[in-house]
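As structure tokens, the structure follows; a few thoughts come after it.
The values are calculated or read from the model by the stated rules, or taken from the named source; none is laboratory data. As the structure is a computational prediction, the values presented were derived from the model and not from experiment. All Cβ positions, even for glycine, are placed from backbone atoms using ideal geometry, and neighbour counts span all protein chains on display. Please note that ligands, DNA and RNA were not included when accessible areas were found on the heavy atoms of the full protein model with its side chains. Shrake-Rupley method; radii C 1.70, N 1.55, O 1.52, S 1.80 Å.
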Amino acid sequence: MGRYVLTSIVRGLLTLFAVSLIVFVLARISGDPIAVLTPSDMSKEDRAAVAANWGLDKPIHEQYVVFVQRALQGDFGDSFTVSQATATEVIWSRFPATLRLAGAALLLITIAGVPLGVLAATRRGKWADRSARFLALIGQSIPEFWLGLVAIWIFAVRLRWLPTSGDTGPSSYVMPSIVVALFGIAAILRLLRSGMLETLQAEYIKLARLQGFSPTRIRWRHAFKPALIAPLTFFGQVFVHLIAGATVTEIVFNWPGVGLLAFTSAAGRDFPVVQAIALFTAAIIVATNITVDLLYAWIDPRVRLGGKAVAG
Amino acid sequence: MPRLPWLPILILAGLLVIPAILAPWLTPHDPLRGELLERLTPPGWVEGGSWTYPLGTDGQGRDILTRIIFGARISLSVAMSAIGIGLLVGGSLGLVGGYFGGFIDKVIMWMIDTFLSLPFVLLALVVVSAIGPSFQLVIVLTSATVWAYVARQVRGETLSIREQDFVARARVSGLSALKIIRRHIVPNTVSPLIVVATLQVGLVILEEASLSFIGAGIPPPNPSWGVMVAGGRDLIASAWWVSFFPGLAILSIVLALNSLGDWLRDYLDPRTRQQMGSPLRPAGRTPARGDGQAGVPEHPSDGLPPAVLEVSDLRTYLFTRAGVTRAVDGVTLSVRESETVGIVGESGSGKTMLGLSIVRLTPEHVSRIVGGEIRVGGTDVSTLPESELRGFRAANLSMIFQDPEQSLNPVFTVGSLLNEAIRARFPDLSAAQVQSRAVEALRSVNVPDPERRLRSFPHQLSGGMKQRVVSAMAMIGQPKLIIADEPTTSLDATIQAQFLHLLKDLQARTGVALLLITHDFGIIAELADRVAVMYAGRLVEQGAVRDIFNRPSHPYTRALLEARPAAHTRTDRLKTIEGNPPSLIDLPVGCRFAPRCAYATEECDERYPPETVIGELHRSACLRAEEEPWLNRS
Ligand code: SF4
């Protein structure tokens, strides 16, 4: 178990290393680093100060050390577009809005995706299964940005039921959270359905039925828990897609979160802010993956306790 | 051959491939330059619209239909480039990792995991704020995930093929790694890769559109669909068509690709191939046909224990696309209290379906009991409604399966499984009483150190120990009948003997009736009182074990007995009988064993042999049973 957790953490650190390297290399190698790291309207003296600050006169590997040291302290430089603020401060001011939207979307994903996945598996081939699978197909195929725009057009412009954009109270959560959640619902539904179909065929389910347990008990206790094992390994990828979807959704709905910030900063060439967001997001992904690994061990005793692990 | 998914194919051809190739000839307008005077013309059918611009024009007066058609070019070329790079890079890395394993495989696996957890949308924005958007950037970013998916698939496939005999043989014969990979492994990875590639094309098109929408993809004014949707973003209140149609194109194409991918996965996967599509609706119960097997060996009512199980003319059919499989096709059988009856047959004889039918656990959506009766203690299980079935089964029936690995839920401890089973039966017991019953249950099946074992998870127990736990659970409800389906097949020889001994012991203590399904006459000899031989869905001979061994009266039984390995070697098949059992879909009218029977006559092909009485309880469904031609021959 200790070894397992350690592996998970080391893998996470390696991922962070890769992202930091990408970001660093982009700023230093592609074109003129000074031009990337400073706003175009900056004075000569200030530019020289920034260059000295980041050690741009030193060899490249020393520059990377400086970069990492500063990144670890949350220092990514000052924002070009927001005056008198560091990149980190700008991100922190936007983070709560993203967290609220993500929370709403995660809630939707759990209360819709999980029951639908179980329902689809237990009603295999029936209309409930077919409609759930159709929903999953749509959820995986629809571009979030377009769904968002169409929703705005119908529900905000035409019907005037909901606000078009921004974070303006509970009703403003409806459209963006559904748009973000749709992909997650589709993914969870599919993964859980196939996991459940597999466990429902296992002999231990037949034996549980012979024990006379109620169908609900069999579904949610005996089939559901082992059915989570396989889908969990895919959760990391689903999460990355969710982040991408959430970024695009924030842009469509002008949601004042980190995703919209990344978009406006990139458009304004505010490199410090964009690179900080990328690293920050990578850190969140890594933390999520480690959590998922722990969850996996908690659910599957074969991982937790070691011993001969048998697939299935 | 299942039906082709025509709709997705048509959508892909009509919206993606044909427009991409023929774009300049399909439309009179210029995709890049518009008529400013014709700005924001609505679609042809909307008021104020014009059919010159069927889907309207955008904010710069460009024809939307034209741009959508040219957009197909961009989508398709991005997709093809990304998939090409992804297949090349991912394919070779996957082959290397899967074939050579070891450290290099670990590194490749780590790279796959890392690439699949990178936030590419945000990295794209980083690149854009450093150097601006470009076509190349889109291809790099999209192929960065494709290769990882491809590599993972190829690696897994390579790993499993590498373990197979023909590869090992090729390696021994001195074939170089490169040749083995080219000749044996690459061809086998093709069909799963087709599925992955199809799904990835959809994903890449979606990613390209997303990137273009946020300004990190194809630089405007190129008519990428994502760029077009972005262009209409601020016009959504006044000119919905500018965003709507390009997005609809993306949705239709990705939807088509995903459903095509799903279809291909089902079609190319050998496991799902037979059961493709939804099964035909099982027909209602049909009246039992009365041919053959009518003569039930009536138990003389001379103070023998009562019958626990009485199966008469049972028919369980499977309804699949391939046809109706008559897995159990008119079986009549009984088991008394304290009696052990064996069912012997080759795999595919229907013996497992017979066992599952008795407890009504045959695969729900494809099978149905279409005729006959299953009486357990007088109650007909075959017609019991689901609500009553649950309690009835819990009180009367139990089962032990072949694979102990599969019989215990991996995520619960032995203790929690036992406790749950005890509580379900005896809800009034206190926690301590439940606990002591669980210990008792384990002790009764000779599990050493039961207190400690209660805290174990199944994977911490050996196969034999697991099977003991399964029998402990089976005994908790004090069942009248246990059906044991190949209970010792997956155990080692010594453990096998111990387990058979345990079953005997449990029966002696409780008087439980045992229906023992096996392919092994050795186990029958050791455990059973009577035996029934099953072939192609029917019992061809039954009788007391002694009688069957001394005077087998059906050529199939004789063949089975002769094929029996001399020593207790573990074999899953009876190898020496020539030929194969008939398909249960197209069964012959006459004797089902005729094609393999050395004594077959013309009459054997004409009608199903009625039962011949050989002795007390001994019946054989062979036309020549009385004549016994096999006796003269040898
Ligand atoms: S009925 Fe004919 S074909 Fe069938 S087993 Fe007897 S002799 Fe052979």
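A Förster radius of 25 Å, combined with the Cβ-Cβ distance separating A:K44 from A:L21, puts the computed FRET efficiency at roughly 0.25. Taking every residue in B:128-137 and counting other chain Cβ atoms within 10 Å of its Cβ, the average works out to 5. Between the amide H of B:M534 and those of B:V344, B:G345, B:V540, distances stay under 5 Å, these residues lying 5 or more places away or on another chain, with hydrogens modeled in the peptide plane. Each residue, B:D492 and B:D449, gets one label point 7 Å from its Cα in the Cβ direction; the gap between the two is 1.7 nm. Accessible area ranking (1.4 Å probe, heavy atoms, ligands and nucleic acids excluded), largest first, for B:K106, A:K58, B:K466: B:K106, A:K58, B:K466.
Annotation: extensible slack from A:A35 through A:F134 equals 30.7 nm (criterion: 0.36 nm per residue apart, minus Cα-Cα distance).
Put a dot 7 Å past the Cα of B:Q136, heading toward its Cβ, do the same for A:V174, and the two dots end up 4.8 nm apart. For B:K179, the lysines whose Cα comes closer than 26 Å to its Cα, not counting residues fewer than 8 places off in the same chain, are B:K106. Computed from Cα positions, the angle between helix A:271-299 and the longest principal axis of chain A comes to roughly 30 degrees. Over all Cα atoms in chain A, the spread is summed up by Rg and Dmax: 23.6, 82 Å.
The Kirkwood hydrodynamic radius of chain B, based on inverse pair distances between different Cα atoms, is 30.1 Å.
Of the DSSP H helices in chain B, those with a Cα length along their own long axis of 18 Å or more and a mean Kyte-Doolittle hydropathy reaching -1.0 comprise B:64-100, B:102-116, B:135-162, B:186-213, B:241-268, B:431-444, B:463-476, B:493-510.
In segment A:162-210, burial by the other protein chains removes 10 Å² or more of 1.4 Å probe accessible surface, compared with the chain on its own, from A:R190, A:A202, A:E203, A:Y204, A:K206, A:L207, A:R209, A:L210. Computed from phi, the 3J(HN,Hα) profile of segment A:145-152 under the Karplus parametrisation 6.51, -1.76, 1.60 (θ = phi - 60°) reads 5, 6, 4, x, 5, 5, 4, 4 Hz, with x in place of Gly and Pro. Rounded, prolate or oblate, given the Cα gyration tensor of segment A:195-312, with a/c below 1.5 counting as rounded? Here segment A:195-312 falls in the prolate category. In terms of its C-alpha gyration tensor, the protein assembly as shown comes out prolate, because a/c is 1.5 or above and the ratio a/b outweighs b/c. With a cut-off of 14 Å between beta carbons, the residues surrounding B:T114 carry a summed charge of +2, where Lys and Arg count +1 and Asp and Glu -1. Other residues with beta-carbon under 15 Å from the beta-carbon of A:A105 carry, at +1 per Lys or Arg and -1 per Asp or Glu, a net charge of -2.
With just the Cα atoms defining each centre, how far is segment A:234-269 from segment B:456-526? Give it in Å. Distance between centres, Cα-based: 58 Å. Against chain A, whose longest principal axis is taken from its Cα atoms, helix A:171-200 shows a tilt of about 50°.
Within the straight-line cut-off of under 25 Å between alpha carbons, the lysines reachable from A:K225 are A:K126, A:K206, A:K308, B:K466, sequence neighbours fewer than 8 places apart in one chain being disregarded.
Straight-distance candidates among the aspartates and glutamates for linking to A:K44, with alpha-carbon spacing under 19 Å and chain neighbours fewer than 8 residues away dropped: A:D32, A:D57, A:D78, A:D270. Taking every alpha-carbon pair under 8 Å whose residues sit at least 6 apart, chain B reaches a relative contact order of 11 percent. Both the radius of gyration and Dmax for segment B:352-451 are 16.4, 47 Å, in that order, over alpha-carbon atoms. Only Cα pairs under 8 Å and 6+ residues apart enter the sum, and on that basis the relative contact order of chain A stands at 26 percent.
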